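Participant: Input: one structure, supplied below.
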Amino acid sequence: MWRHGRRWWPKGRPLRHRHLRPNATPLLSDSPATVDELGRKPLADALAARLMRLQRDEAASAQPKAVMVHLHGPWGSGKSSLVRFLEDTLTAQDPPWLVVEFNAWRNARVKPPWWNMLTEFKRALDRRLPWWRRRWLDLRWAWVSPSVENVYMVAGGLLALAAAAFAGSTITGVIEKWQGTLGGIITATGVAISFLRAPMLGGRRAAESFDALRTDSFRPFITLFDMLATECPCPVLIVLDDLDRCDAGTVTDLLEGIQTLFRGQPVVFLAVADRYWITASFAQCFSLFEDGGDKARPVGDLFLDKMFQVSVTIPALPVAVKRAYLGRLLGAAETDLPEEARLPETAVRHEEIQAAIAAAPEEQRPALRAQAVARLSTAAADKVVEHRLLRWVSYIEPNPRGMKRLVNAIGMTQARSLLEGRMVDFDAIVLWTILELRWPRAAAAITADPTLIDAEGQGPETLQAAWRDPLFQKIACELDEVQVRG
């Protein structure tokens, strides 16, 4: 016998219920994954290794700056799951990173948009600090933060000091002294702070109101952020999630605020959003600059190019991974795990790694790809890439920032191509990465129709505009349809 609800059924007797069928497909959750079933964790580990190096370099420099990273992918592509694996990797370090999760969409109605980001930063930091450092941080936050609620905290602190100062006096004497001197000072101070600072935070016209009262209206925000970053005993990652659900004003205000106000500390910001949503937001807010501009590189793309040091695209799923994942969703039995495989230590260059993976049995390739992605995320691998880039030096932007961004982009493109199970020539990766970074709209058109790479400027307007650039022509002539499809 077995039980269903309140009834017992004999074994072997079919259960006739219109809601329970033998081959019914289970309901599935759309929450971010906690178990890596799509092979995304190797990419998260590779990104984590790159972020740790960038943050360490910035922290050691004479003038540290924030690290801006962009994770691109359309809705439903698995960005949140990859972020979850990234957080797991960073919090497992020694010391563990502080990860601040800020959902831009849920906080879009609060202006300025980065105020709630600061409060989320403080909440996360409070959970990491001992109690006595939390109390000290609260006092400093109350003194700096231009919020009316903090007037009462400051007044309470002054009252405690007054009680200590008048210890030993009679109650009547304390009251008389309070009414005569200290009470008037605290009252006047509270009123002044209320009038000067209350409009700043929590209201929808916060920035505008406070700007009318003082010249450097954003200095308290900068001070608060610097204070939190300095007080934090470990590296910090701030995740800006759901940006591609916000309106154009929120996207531009948040990213511009981070770029202009919070760049003075070696904190890593990760913007999780569809690339085209961000570029369209900047294009809408700065439409004045579109008139007469470069059609191949519109203003939205330029903002994206100058804002982020590292851009990562969610990889596509190989057919084998799709089939296995779909089988697990439908309840198919798990197959035996393949024997552990190791990537040869001598495989360092991109071609050597690809050859080693191709020579292995099919069931061992996922493990080898994961090892390859980890190997390509090291500083030694970046040095190999930099050396091999000398061949294409005339195609690279002549500035250090552009070169560093290109090396990071090539490393992540290598990782993505390996995880997708594609065999791509290294030089083709370099050329395509340069093209995609400088002319993303033309690259998107060619991706949709790879035959356009040989069309000599024929096709959409963005591709025609890019073709007028001699550098674009040189790169396009180096590539062919087969390489682009790869």
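Participant: For Pro22, indicate whether it is at pLDDT 50 or above and either out of contact with any Pro (no Cβ under 6 Å at 6 or more places or on another chain) or under 19 Å from Ala409 (Cβ atoms) (or both).
Facilitator: Criteria not met by Pro22.
Participant: Output the residue which, of all residues in segment 42-71 that are in a loop (DSSP other than H, G, I, E, B) and small (Gly, Ala, Ser), is nearest to Asn408 (Cα to Cα).
Facilitator: Looking at the filtered set, the residue picked out is Ala66.
Participant: Which members of segment 261-276 meet the condition of being within 20 Å of Lys65 (Cα to Cα) and touching a Pro at 6+ places or on another chain (Cβ under 6 Å)?
Facilitator: Pro266
Residues checked against (1) more than 20 Å from Lys79 (Cβ to Cβ); (2) of a type outside the set (A, V, I, L, M); (3) buried (at least 22 other Cβ atoms within 10 Å of the Cβ); (4) in contact with a helix residue (DSSP H, G or I) (Cβ under 9 Å, 6 or more places away or on another chain):
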site	(1), (2), (3), (4)
Arg401	yes, yes, no, yes
Arg405	yes, yes, no, yes
Ile410	yes, no, yes, yes
Arg416	no, yes, no, yes
Leu431	yes, no, no, yes
Ala442	yes, no, yes, yes
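Participant: Can I ask one more? May I ask you to verify whether Ile429 is touching a residue at least 12 places away in the same chain (Cβ under 8 Å), closer than 20 Å to Leu71 by Cβ and of a type in the set (A, V, I, L, M)?
Facilitator: Taking the combined requirement at face value, the residue satisfies it.
Participant: Give all pairs with beta carbons closer than 6 Å in which a residue from segment 347-368 that is closer than 26 Å to Val407 by Cβ and free of Cβ contacts under 8 Å to residues at least 40 places away in the same chain meets a residue that is part of a helix (DSSP H, G or I) and among the β-branched types (Val, Ile, Thr); count only pairs at least 6 apart in sequence or on separate chains.
Facilitator: Cβ pairs passing all conditions: Ala347/Ile353; Leu368/Ile357.
Participant: Find all pairs meeting these conditions: Cβ atoms under 7 angstrom apart; at least six residues apart or on different chains; first residue within segment 248-271 and more than 23 Å from Phe286 (Cα to Cα); second residue in a helix (DSSP H, G or I) and not aliphatic (A, V, I, L, M).
Facilitator: Once the first residue is more than 23 Å from Phe286 (Cα to Cα) and sits in segment 248-271, its partners that are in a helix (DSSP H, G or I) and not aliphatic (A, V, I, L, M) give Gly264/Asp226; Gln265/Phe225; Gln265/Asp226; Pro266/Gln55; Pro266/Glu58; Val268/Gln55.
The values are calculated or read from the model by the stated rules, or taken from the named source; none is laboratory data. Owing to the predicted nature of the structure, the values given are computational and were not obtained by experimental measurement. As a convention, Cβ positions derive from the backbone with ideal geometry for all residues, glycine included, and neighbour counts pool all protein chains shown.
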